[in-house]
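Enquirer: My questions all concern the structure below.
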Amino acid sequence: MANSLKTNFSAMTALQSLNATNKSLEKTQGRISTGFKVNEASDNAAYWAIASTLRSDNAALSTVQDSLGLGAGLVDVAYTGLTEAKDIVDQIRSKLLGAKEKSLDKNLVSLDIEALKNQLLGVATGASYSGQNWLIGPPNGSTTIVSNYSRTTTGAATVGVINIAVGSLALFSTAAGANGLLGTVRLNTLSSATTDAQLDTFIADATTAVNALIRAATTVGTVKAQITLQQDYVRNLRDAIDRGISSLVDADMNEESTRLQALQVQQQLGVQALSIANQSSQSILRLFQS
């Protein structure tokens, strides 16, 4: 290539090479500083869009986790209340059976039973969690717990829920004329005038209540197991999504650090090459000086 005073072709080539190296170096430094190989849509539009959607879904699943945690607390409290109520009604039934013994003072037995009834009311009113109480309420009440979030093949969002008929769990009902799971147990009053036939009715009422409490506790236990399984699933799903996002957009720091060192060497060589190319004009000048 001919030497020219107007245009330094070698310097132009060296400068272009140095600019390309500097651009690659800037990109590599950006990956190292952010930890991402795809940090913006301009880096890789397809991967950035997928990662953004997955991050959005993961945020939604985080809310689902919170909902399941709240639901687990409500279920635990309700289950504890139901099993405690069942044990108390068992005690009431035992005392009613004992009251059939002629030598026992029914009035004294009645005092014990009334104390147990008050304890039942305490169990029901105390079974509150996050402002909700499933053991006192309307007989037809129901609630839902958000249990899942997903997208269809068309991209539409779907939300899964666990339905719970909380009205069937109420020990005491707020509705007029409804007695809840305790039936007439809390209304039956034992006295010295209570006949054996009435006692048999009271005992039958207590047995009915015990059976109802067992069924309710079993239902709640099933929901509890379902929530636990769903919590594990959502946790594992979020971890899998995080791994998927990482494989798409995270930078390989070992690879990037190696590339950085190579580019730094290329940059130094590029600067030297540009410096040498710029000296060619000085060589021409020295020809005229000689």
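The values are calculated or read from the model by the stated rules, or taken from the named source; none is laboratory data. Just so we're clear, the structure is a prediction, and the values are computed from it rather than from any experiment. Cβ atoms come from the backbone with ideal geometry, glycine included; neighbour counts cover every protein chain shown.
Enquirer: Kindly evaluate Leu190 against the criterion of being surrounded by 19 or more Cβ atoms within 10 Å (Cβ to Cβ) and more than 36 Å from the chain's Cα centre (by Cα).
Expert: Values: surrounded by 19 or more Cβ atoms within 10 Å (Cβ to Cβ): yes; more than 36 Å from the chain's Cα centre (by Cα): yes.
It is true that Leu190 is surrounded by 19 or more Cβ atoms within 10 Å (Cβ to Cβ) and more than 36 Å from the chain's Cα centre (by Cα).
Enquirer: Tell me, yes or no, whether the range 124-140 has at least one residue that is touching a strand residue (DSSP E or B) at 6+ places or on another chain (Cβ under 9 Å), in contact (Cβ under 8 Å) with a residue 40 or more places away in the chain and closer than 30 Å to Ala193 by Cβ.
Expert: Within the range 124-140, one or more residues are touching a strand residue (DSSP E or B) at 6+ places or on another chain (Cβ under 9 Å), in contact (Cβ under 8 Å) with a residue 40 or more places away in the chain and closer than 30 Å to Ala193 by Cβ.
Enquirer: Quick one: which of Gln282, Gln226, Gln268 is at pLDDT 80 or above, farther than 30 Å from Asn179 by Cα and part of a helix (DSSP H, G or I)?
Expert: On the way: Gln282 fails: at pLDDT 80 or above; Gln226 fails: farther than 30 Å from Asn179 by Cα.
From the options Gln282, Gln226, Gln268, the qualifying one is Gln268.
Enquirer: Could we say that Ser24 is part of a helix (DSSP H, G or I), in the same structural domain as Arg215 (by TED's automatic domain parsing) and among the small types (Gly, Ala, Ser) here? Give the steps one after another, and end with the answer.
Expert: Numbers: part of a helix (DSSP H, G or I): yes; in the same structural domain as Arg215 (by TED's automatic domain parsing): no; among the small types (Gly, Ala, Ser): yes.
Criteria not met by Ser24.
Enquirer: Hey, could you check the range 239-261 for residues that are within 14 Å of Ala51 (Cβ to Cβ) and touching a Gly at 6+ places or on another chain (Cβ under 8 Å) and say which is surrounded by the most Cβ atoms within 10 Å (Cβ to Cβ)?
Expert: Ala251
Enquirer: Let me ask you something else. If we keep just the residues of the range 11-51 that are among the aliphatic types (A, V, I, L, M) and farther than 20 Å from Leu263 by Cβ, which is surrounded by the most Cβ atoms within 10 Å (Cβ to Cβ)? Reasoning before the result, please.
Expert: Here is the first cut: in the range 11-51, the ones among the aliphatic types (A, V, I, L, M) are 11-12, 14-15, 18, 20, 25, 32, 38, 41, 45-46, 49-51.
Checking which are farther than 20 Å from Leu263 by Cβ leaves us with 11-12, 41, 45-46, 49-51.
Values: Ala11: 18, Met12: 12, Ala41: 12, Ala45: 11, Ala46: 10, Ala49: 12, Ile50: 16, Ala51: 21.
Selected residue: Ala51.
Enquirer: Follow-up. So which residues in the range 96-116 are buried (at least 18 other Cβ atoms within 10 Å of the Cβ) and either outside any helix (DSSP H, G or I) or of a type in the set (D, E, K, R) (or both), if there are any at all?
Expert: Ala99, Lys106
Enquirer: Scan the range 124-138 residue by residue and report those that are touching a Ser or Thr at 6+ places or on another chain (Cβ under 9 Å), buried (at least 18 other Cβ atoms within 10 Å of the Cβ) and not in a loop (DSSP other than H, G, I, E, B). Explain how you work it out, then say what you get.
Expert: First pass over the range 124-138, keeping only residues touching a Ser or Thr at 6+ places or on another chain (Cβ under 9 Å): 127, 132-138.
Checking which are buried (at least 18 other Cβ atoms within 10 Å of the Cβ) leaves us with 127, 133-137.
Those that are touching a Ser or Thr at 6+ places or on another chain (Cβ under 9 Å), buried (at least 18 other Cβ atoms within 10 Å of the Cβ) and not in a loop (DSSP other than H, G, I, E, B): Asn133, Ile136, Gly137.
Enquirer: Can you confirm whether Ala240 is in a helix (DSSP H, G or I), closer than 30 Å to Leu181 by Cβ and in the same structural domain as Val64 (by TED's automatic domain parsing)? Let's see the steps before the verdict.
Expert: Details: in a helix (DSSP H, G or I): yes; closer than 30 Å to Leu181 by Cβ: no; in the same structural domain as Val64 (by TED's automatic domain parsing): yes.
For Ala240, the condition - in a helix (DSSP H, G or I), closer than 30 Å to Leu181 by Cβ and in the same structural domain as Val64 (by TED's automatic domain parsing) - is not met.
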